[in-house]
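To start, the structure itself, in structure tokens.
Please treat every number below as a calculation from the coordinates, not as lab data. Remember, predicted model here, so these are calculated numbers, not experimental data. Every residue, glycine among them, receives a Cβ derived from its backbone with ideal geometry; neighbour counts consider all protein chains shown.
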Amino acid sequence: MSTDPIWEHPHDNEPEVPLTEDIAPGTANDPDAGSTEEATITIDGHRVETETGSTLLDACEAVETDGDVLALCSYDEHEKIGPRSECRTCMVETEEHGVIPSCSFPARDGMTVRTDTEAASEARDVNLDLLLSNHNLLCTTCGKNGRCELQDVSIENSVVEPRYGVMHDRDELEPIDDSSPFIQIDHNKCILCNRCVEACNDVQVEGVLRMEGSGEDTHIGFQNGMKTMMESTCVSCGHCATVCPTGALLEQGLVDATTLPVPGFTHKNSAEGIVGEEYEHQPTQMTPMKSDLDTQNEPLASEWPATEGDD
């Protein structure tokens with residue numbers, strides 16, 4: 001009888017893609033960033049009354065502020081996706097605490113907030129430029145062109161060129177994950193807002209996506225440890241692509257749906273590489289997880305009733 005460890009002899013019926021046993025949440029378990037009581041605060045000279053659970057960003061959105069307060073990491077208050085103080089484009093200045101992120105700071109009674117001070121404006125501009133400098137700015141070859149929130153705020157803030165350079169000056173870009181027939185991942189356009197992770201884990205509760213790495217190596221990854229979307233446990237619901245503010249996550253049908261086409265260029269070749277070219281997409285091809293879910297109760301082809309013309 002062999003004494004070899006069992007892991008040296010994997011079972012033949014073991015699934016090729018290991019399923020996630022425990023779904024790691026996005027921010028569902030994080031403490032509420034809102035206030036614990038109603039408050040009256042002053043924003044750019046305007047008196048604002050806020051409800052329990054409000055943040056300074058909620059208060060800013062209730063009035064016409066002097067400064068343009070952005071919030072790219074916040075998506076929908078009803079779905080509770082964000083904010084996480086990830087993008088830091090919502091900075092404001094308070095008399096009590098100095099420059100702070102308004103999206104995750106509770107609206108406390110008696111606070112005085114300014115959005116147009118030099119310190120607050122510079123903080124927002126610097127953080128927006130940092131996002132742009134780490135983003136593939138070949139907008140005319142992107143399927144999200146004209147629908148990109150980062151593009152919108154850049155235009156609104158009259159950004160001509162990021163002060164810290166642009167990504168396509170680099171020698172090498174990250175390859176696109178084009179393995180899935182439904183959703184494409186372009187890490188060169190990810191701003192690490194975490195919206196997709198929260199949508200996947202806290203809203204859809206599928207437990208597919210997560211943030212991996214640290215520092216400049218931080219990127220979207222998969223909870224089952226695989227390297228491509230096709231190998232993940234994705235069920236192709238598409239919610240991650242819906243909440244993505246840029247072209248980092250995009251439905252395959254919109255990949256080359258550019259509003260300003262450039263002859264000779266496509267979204268795929270703009271990033272100088274594709275991961276998953278070995279997958280030959282068919283219109284009905286599904287990721288392994290989705291395929292298992294949809295076919296587990298279907299009869300085998302040999303059990304289908306015969307139709308006229310069959311031999």
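Compactness of region 106-158 is given as radius of gyration and Dmax, 15.0, 48 Å, from Cα positions.
In sequence order, region 219-232 has phi-based couplings of 7, 6, x, 10, 5, 8, x, 6, 9, 10, 4, 5, 8, 7 Hz under the Karplus curve 6.51 cos²θ - 1.76 cosθ + 1.60, θ = phi - 60°, and Gly or Pro positions carry x. Shape index of region 39-129: Rg/Rh, with Rg the Cα radius of gyration and Rh the Kirkwood radius from the inverse mean 1/r over Cα pairs, equals 0.93.
Calculate the translational D of region 136-212 in whole µm² s⁻¹ from Stokes-Einstein, where the hydrodynamic radius comes from the Kirkwood formula applied to all Cα pairs, the temperature is 4 °C and the viscosity 1.567 mPa s. Mind dumping the intermediate values first?
Numbers: Rh = 14.6 Å.
It diffuses with D of about 88 µm²/s by this estimate.
For the peptides 88-96, 209-217, the ranking by mean Cβ contacts within 10 Å, running from highest to lowest, is 88-96, 209-217.
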